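FYI, it's all coordinate maths here, none of it is from the lab. It should be emphasised that the depicted structure is a prediction, and the values quoted were computed from it without experimental measurement. When we count neighbours, we look across all protein chains shown, and the Cβ atoms used for this are built from the backbone with ideal geometry, even at glycine.
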Amino acid sequence: MFDLKKYIKAGSVDQAIALLMENPDAKLIAGGTDVLIKLRDGKPGFSELVDIHDLKELKEIRQDEANNILIGSGTTFSDIIQSDIINNHLPMLCEAAQSVGGPQIRNVATIGGNVCNGVTSADSAPSLFALNAVLEIRGKDAARQVPVSKFYLGPGKVDLKKGEILTSFRITLENYQGYFGHYYKYAMRNAMDIATIGCAVSLKIKNHILTDFRIAYGVAGPVPIRCPKTESLSMNKKVCKTLLDEISRTIETDVSPRTSWRASKEFRMNIIKELSKRATKEALIRAGEQV
Ligand SMILES: Cc1cc2nc3c(=O)[nH]c(=O)nc-3n(C[C@H](O)[C@H](O)[C@H](O)COP(=O)(O)OP(=O)(O)OC[C@H]3O[C@@H](n4cnc5c(N)ncnc54)[C@H](O)[C@@H]3O)c2cc1C
């Protein structure tokens, strides 16, 4: 049973913000694939909803005059998979989108909802971390920008204040031009499963030397993370098989997986190490390297 006490459909972002201010207990609903499950399970705090589903101003994917890429928070994973801009410039994010749920979920689940629910297994998060995405947030009186690496405050907690809405993700040109990447999701089955571990690698290479190396994980800690020790170890290193082994050894010092019913901490650590090699290798192959 859905114990829904109040439901209001917003006609614009400004109206949604005003409705959130007038109804302090209300939650936003976008695709509803997380919210409706919580409502059905009777979790407190989900019985008043402000609906932003299908607001046009939250659904656009475009490049601005400086070729930065903007992805509206209300963009569904199916929209992302079908976008030429994302396919051409951010194929890693496309891979992440393709790995979410099944077709019915991807048709309604939004990238904004995926990040705002604050869970570490969000499939879009590792790629957004590796792309240094910046979140554009609007409130009653002001707008602000938050790097995705600062947005997660703890499990299920994100940096959104009363009345604020995530409107879009910005990926600047210098964070995608010349980069090659790959998202690798390990789950117990190929579809309709939450990541046991998700790993995104984005790298830049010149004369077989890594000039930038970014590696990000979901489920390797309480929130999605980047791996600073492994990244600095890999910088300015020549591509070779030993480098992949070094990356997989160092990654242990960057992560803190836990045991859950889905997998033990030890099993997750093995997957983390293996995915560091597989995702890096695939990104290197895309960059034209032989490994
Ligand atoms: C069967 C099934 C399979 C799934 N498989 C996967 C999977 O493989 N990978 C994965 O990552 N997830 C998966 N999920 C989880 C879910 O589909 C995703 O997290 C999805 O992206 C959530 O988006 P939504 O639009 O449905 O969010 P909603 O349920 O509408 O909202 C989620 C949360 O974000 C808040 N919110 C939404 N939009 C905004 C905004 N613009 N500004 C501020 N707050 C906002 C809401 O208030 C709510 O707290 C699955 C869910 C189901 C039911």
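Structural remarks
- Applying a threshold of 27 Å to the alpha-carbon distances of LYS206/LYS265; LYS59/LYS140; LYS59/LYS161 flags LYS206/LYS265 as lying beyond it.
- Proportion of all alpha-carbon pairs of the stretch 27-81 beyond 19 Å (%): 41 percent
- Per the Debye calculation on the stretch 178-286 with a single equal scatterer at every Cα and no solvent contribution, log₁₀ I(q)/I(0) for q = 0.10, 0.12, 0.13, 0.14 Å⁻¹ amounts to -0.26, -0.37, -0.44, -0.50.
- The stretch 1-151: Rg to Rh, with Rh as the Kirkwood radius over Cα pairs: 0.96
- For LYS38, a cut-off of 18 angstrom between C-alpha atoms picks up these lysines, skipping any fewer than 8 places away in its own chain: LYS5, LYS6, LYS27, LYS157.
- Take the Cα of ASN270, step 7 Å toward its Cβ, do the same at MET1, and the gap between the two points is 4.6 nm.
- Across all Cα pairs in the stretch 6-50, the calculated P(r) in 5 Å bins from zero up to the longest distance comes to 5, 24, 32, 22, 13, 3, 0 percent per bin.
- With a Förster radius of 30 Å applied to the C-beta separation of GLN63 and GLU289, the computed FRET efficiency comes to 0.60.
- Separation in nanometres of the label points that stand 7 Å from Cα toward Cβ, at LYS161 and ASN88: 3.9 nm
- Inter-site label distance for GLN98 and MET235 at 7 Å from Cα along Cβ, in nm: 3.2 nm
- Stretchable slack from ASP212 to THR253, in nm (0.36 nm times residue separation minus alpha-carbon distance): 12.8 nm
- For the chain, the longest principal axis of the alpha carbon atoms and the long axis of helix 241-250 meet at an angle near 50°.
- Rounded to whole numbers, the Karplus 3J(HN,Hα) couplings from phi for the stretch 170-179 are 10, 10, 6, 3, 5, 9, 10, 5, x, 9 Hz, using 6.51 cos²θ - 1.76 cosθ + 1.60 with θ = phi - 60°, and x at Gly and Pro.
- Relative to its residue count, the chain spans a Cα convex hull of 128 Å³ per residue.
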